[in-house]
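Since every read-out is calculated from the coordinates, none of them should be taken as a lab result. Note that the structure is predicted; figures quoted are calculated from it, not measured. Counting neighbours? That spans all protein chains shown, and the Cβs are built from the backbone with ideal geometry, glycine included.
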Amino acid sequence: MDWHKTTLEISTRGKGLHDITREVQAQLRAWGVREGMCFLFLPHTSASLVVSENWDPTARADLAAFMERLVPEKESWYTHDLEGADDATSHIRAMLTDTGLSIPVDEGDLSLGSWQGIYLFEHRARPHQRRILIRVLSVD
Amino acid sequence: MDWHKTTLEISTRGKGLHDITREVQAQLRAWGVREGMCFLFLPHTSASLVVSENWDPTARADLAAFMERLVPEKESWYTHDLEGADDATSHIRAMLTDTGLSIPVDEGDLSLGSWQGIYLFEHRARPHQRRILIRVLSVD
Amino acid sequence: MDWHKTTLEISTRGKGLHDITREVQAQLRAWGVREGMCFLFLPHTSASLVVSENWDPTARADLAAFMERLVPEKESWYTHDLEGADDATSHIRAMLTDTGLSIPVDEGDLSLGSWQGIYLFEHRARPHQRRILIRVLSVD
């Protein structure tokens with residue numbers, strides 16, 4: 001068994017789902033990993049990770065629109081707003097999705113379904129620089 | 001350390017929580033794994049995985065009923081409806097639950113709590129054939 | 001590669017987010033683990049695990065307040081209430097958050113972001129004794 005690690009740097013343009021599938025796959029190929037587990041971890045509290053539909057962009061649009069409705073920005077009861085109207089909402093949206101993902105690797109690639117992609121979900125209105133920790137346990 | 005893998009095939013009858021605990025446990029026993037980590041991954045975007053109460057069926061009924069209310073099917077603002085009224089809702093419900101689970105294995109069994117079961121949560125109205133990737137890192 | 005495991009015992013005082021970051025870090029140091037993956041699993045169905053903001057307590061207050069609003073206790077349609085008004089709601093809140101977390105370890109510490117903490121989210125009104133299974137794959 002073997003261990004690989006790196007950090008992916010992603011620039012977001014503000015709120016929305018940013019596809020990172022290809023970047024993770026490219027890293028697996030660079031390492032030559034054939035089989036094992038790939039662990040992704042996001043060391044941020046106002047963005048999150050989601051595995052979702054990758055074919056039709058309207059699916060992502062609906063995920064983002066749902067979050068705007070479920071966790072609206074202008075609620076009078078929020079107390080955590082030092083960094084603006086998207087402060088409390090970002091942490092709540094991150095809590096409802098994922099900070100880490102664990103995905104099997106087979107035959108040199110992520111074992112995602114045909115219609116699955118991996119997304120960085122930015123919850124902040126302004127662009128941010130985000131890091132994603134990639135860890136791979138190779139069992140080749 | 002050792003590595004085991006297989007794919008579980010589950011037929012769902014439409015929406016609801018389908019208990020898969022016994023199928024996963026049976027696989028661990030077939031492999032003779034004593035200790036380690038069990039990783040489950042669902043390569044589908046309109047179903048998800050949940051660990052929840054396994055004793056009283058009303059608990060699952062309430063989880064499913066809550067999802068129907070939180071993510072209702074007839075919202076005029078959904079744009080992703082190519083596959084029907086349960087299209088956008090299925091992806092949203094999957095986002096709010098889990099696509100993967102990581103569960104410790106001890107003494108040859110999943111280290112679940114006394115009242116925990118593992119469920120495949122089908123979000124589609126019609127029956128589907130679902131696959132669950134099982135990966136086990138054995139540390140015996 | 002090496003394997004470490006233990007169980008953390010936490011007493012909660014009722015609903016709210018309980019910081020367990022230091023307890024997990026202390027365990028890593030006691031084992032002398034330098035690098036690998038740390039897996040946390042909660043064998044309970046009415047509490048959950050969350051990675052969130054650790055600097056400003058108002059962030060956690062808003063997470064808890066949001067859950068009270070999203071999954072209110074007095075809904076006439078709940079059917080699972082054998083253990084009281086916080087019975088169905090506890091399972092629903094657990095479903096929307098996490099039962100397990102997988103966090104990278106580097107240079108002898110959890111690779112959390114500067115503002116990330118690990119929280120046990122108690123969903124029951126009354127104090128509970130909770131267990132958290134800690135598993136570490138060391139790749140030193």
If you bin the C-alpha pair distances of chain B every 10 Å from 0, what whole percents do you get? 11, 40, 31, 14, 4, 0
Using alpha carbon centroids, what distance separates region C:6-85 and region A:118-134, in Å? 24 Å
Among all the aspartates and glutamates, which ones have a C-alpha under 18 Å from C:Lys5's C-alpha, if same-chain residues fewer than 8 places away are not counted? B:Asp2, B:Glu35, B:Asp106, B:Glu107, B:Asp109, B:Asp140, C:Glu23, C:Glu35, C:Asp106, C:Asp109, C:Asp140
Report, in cubic angstrom per residue, the convex hull volume of the C-alpha atoms of region A:10-79. 137 Å³
At 7 angstrom along the Cα-to-beta-carbon line, where would the label on A:Glu73 sit relative to the other copies? Give the distances in nm, shortest first. 3.4, 3.4
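If you build the Cα gyration tensor of the protein assembly as shown and take the root of 5 times each eigenvalue, what three semi-axes come out, in whole angstrom, biggest first?
Working: eigenvalues 160, 117, 117 Å².
In descending order the semi-axes read 28, 24, 24 Å.
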Once you have all Cα-Cα distances for region A:43-121, histogram them in 10 Å bins from zero and send the whole-percent values. 16, 41, 29, 11, 3, 0
Student exercise, chain A dipole from Lys, Arg, Asp, Glu Cβ charges, in Debye to nearest 20: 320 debye
Sequence neighbours fewer than 8 away in the same chain don't count; with that in mind, list the aspartates and glutamates whose C-alpha is under 19 Å from C:Lys74. B:Asp62, B:Glu68, C:Glu83, C:Asp86, C:Asp87, C:Glu122
Candidates A:Ser48, A:Ser76, A:Ser111: whichever shows maximal mean-square fluctuation once chain A is modelled as a Gaussian network with Cα springs under 10 Å: A:Ser76
Roughly how big is the protein assembly as shown's charge dipole about its Cα centre, with Cβ charges of +1 (Lys, Arg) and -1 (Asp, Glu), in debye to the nearest 20? 20 debye
